[in-house]
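Okay, so here's the structure we're looking at.
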Amino acid sequence: MLGADDKARIRAILVGSIGNLVEWFDFYVYSAFSLYFADAFFPGDDPVAQMLSASGVFALGFFMRPIGAYIFGRIGDGRGRRAALMLSVLLMCAGSLIIAFAPTYATIGSAAPALLLFARLLQGASLGGEYGSSATYLAETATPEKRGFYSSFQYVTMIAGQLLALVVLLVLQNVLLDDHALRAWGWRVPFAIGALLAVVALLMRRDLVETAAFKATRSEKARGSLHALLLHKRETATVVGLTLGGTIAFYVYTTYMQKFLKLSAGLSAAETTWISAGSLLFALLLQPIYGALSDRVGRRPMLIAFGLLGTLFTAPLLTAIQEARSAWTAFTLICVAWLIVSLYTSINAVVKAELFPAAIRVTGVALPYAATVSVFGGSAEYVALWFKAQGHESWFYWYASAAIFVSLAVYATMPETKERMRS
């Protein structure tokens, strides 16, 4: 029988997670539907060039994440986790609304891609704040013996947001609209849905209870400041190192995989959507299982396992996926990849939260992570497409493998964090 405290804790984690889901749905709708709106903002006859342009805007959105991480880190550490979580989802709502009603290149010329970029910059800043705020909130709300399990729901909701975006795409593709309608105006629908869901998430987050860890640090000065962060140089460097390989692997099998299956494996648009949706569902189910496992065996062994397996098998798996001519073969191979990548995704947020004290936790989790993701995660799709355009697509496989190897060196030398989290 659950007590009142347990029920309140579970409700707080669910509400925080649902808001995170909405944020990531709004962000990943861009990637899921870019195949349909790329030519509306970037005219031309070469689909790879159009996707490069759309992916470039996607990557530029990531460069706002460190700015958002700093701003919302100051808010989260200074004014509270709840305030940061509410403001971040509000900013995401604004970005989605702009894209939903943005005029195309045919209507306003070069101002159209500029407006699209502005909206993506807003969304990038929002996500920069969301990650650190939600990771901190989940870690501080959970009980110590289940911190890995509860914190894994951050990536459950990140993946669920992408999965929901693909479900919307499948419904529009197969039930409501034809290809012409999707390219003409249907791509606007998910952005409007995302803006509406963001409003719902904002209303839900009004009732979030502030964490005890934040309340205990109210009297401390310089909460969330860069000066305070510089007092934790080793922890900051550890976040950068452990994120590097994992973020590239994550974006390879999420945002990039749909384009990879279509442009490189030669599968149809419908097949790529079904494969992406199915593999994301498989990945979603893995997160709490691996998170609970980390509560038993520790975080470091799982990170080392990801580093070893990722270094050895990323290039062979991507090569096999590229050569797959069956949708079922591609799906199976991607699921195998998720068995490896989930060793990182399920626990990376809680590891970062466990490295820092409460007074600097949101900033410490968010800023070095966002800086690393903006350079390596956000650019992964663009780099992969650039190698493809140059005729050396397989070089990207080795680039990703090398990045994971660098992170492996960090995993092998970093301390275990499961028992380390301080108030």
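Select from the stretch 341-367 the residues that are open to solvent by 10 Å² or more (accessible area, probe 1.4 Å) and either within 14 Å of the chain's Cα centre (by Cα) or at pLDDT below 90 (or both) and list them in ascending order.
Scanning the stretch 341-367 gives PRO357, ALA359, LEU367.
Cβ-Cβ distance below 9 Å, separation of 6 or more or different chains: which pairs start in the stretch 386-413 with a residue that is within 16 Å of ALA320 (Cα to Cα) and end on one that is hydroxyl-bearing (Ser, Thr, Tyr) and part of a helix (DSSP H, G or I)?
As it stands, the answer is SER394/THR319; TYR397/THR314; TYR397/THR319; TRP398/THR314; ALA400/THR314; SER401/THR311; SER401/THR314, since those pairs meet every condition given.
Considering the stretch 126-146 alone, what residues qualify as being open to solvent by 10 Å² or more (accessible area, probe 1.4 Å) and part of a helix (DSSP H, G or I)?
GLU140, THR141, PRO144, GLU145, LYS146
I'm trying to understand the selection: among the residues of the stretch 273-287, which are of a type in the set (Gly, Ala, Ser) and under 14 Å from the mean Cα position of the chain (by Cα)?
Passing the criteria: only ALA283.
Of PHE149, PHE191, which residue is open to solvent by 10 Å² or more (accessible area, probe 1.4 Å), within 20 Å of the chain's Cα centre (by Cα) and aromatic (Phe, Trp, Tyr)?
Answer to the check: PHE149.
Which fully enclosed helices (runs of 4 or more DSSP H) of the stretch 151-246 have 3 or more residues being modelled with pLDDT of 85 or more and among the aliphatic types (A, V, I, L, M)?
153-171, 188-205
Is it true that PHE331 is farther than 30 Å from LEU172 by Cβ, crowded, with 16+ Cβ neighbours inside 10 Å and of a type outside the set (A, V, I, L, M)?
For PHE331, the condition - farther than 30 Å from LEU172 by Cβ, crowded, with 16+ Cβ neighbours inside 10 Å and of a type outside the set (A, V, I, L, M) - is not met.
Considering only residues that are part of a helix (DSSP H, G or I) and either surrounded by fewer than 24 Cβ atoms within 10 Å (Cβ to Cβ) or modelled with pLDDT under 80 (or both), which ones fall in the stretch 258-271?
GLN258, LYS259, LYS262, LEU263, ALA269, ALA270, GLU271, listed by residue number.
Criterion first (assigned to a helix (DSSP H, G or I), open to solvent by 10 Å² or more (accessible area, probe 1.4 Å), closer than 20 Å to LEU163 by Cα and of a type outside the set (Lys, Arg)) does TYR251 satisfy it?
Spelling it out, it is not the case that TYR251 is assigned to a helix (DSSP H, G or I), open to solvent by 10 Å² or more (accessible area, probe 1.4 Å), closer than 20 Å to LEU163 by Cα and of a type outside the set (Lys, Arg).
The values are calculated or read from the model by the stated rules, or taken from the named source; none is laboratory data. On a predicted model such as this, the values are computed, not experimentally measured, just so you know. Glycine also receives a Cβ, built like all others from the backbone with ideal geometry; neighbour counts cover every protein chain displayed. Calculation scope for accessible area: heavy atoms of the full protein, side chains included, ligands and nucleic acids excluded. Shrake-Rupley method; radii C 1.70, N 1.55, O 1.52, S 1.80 Å.
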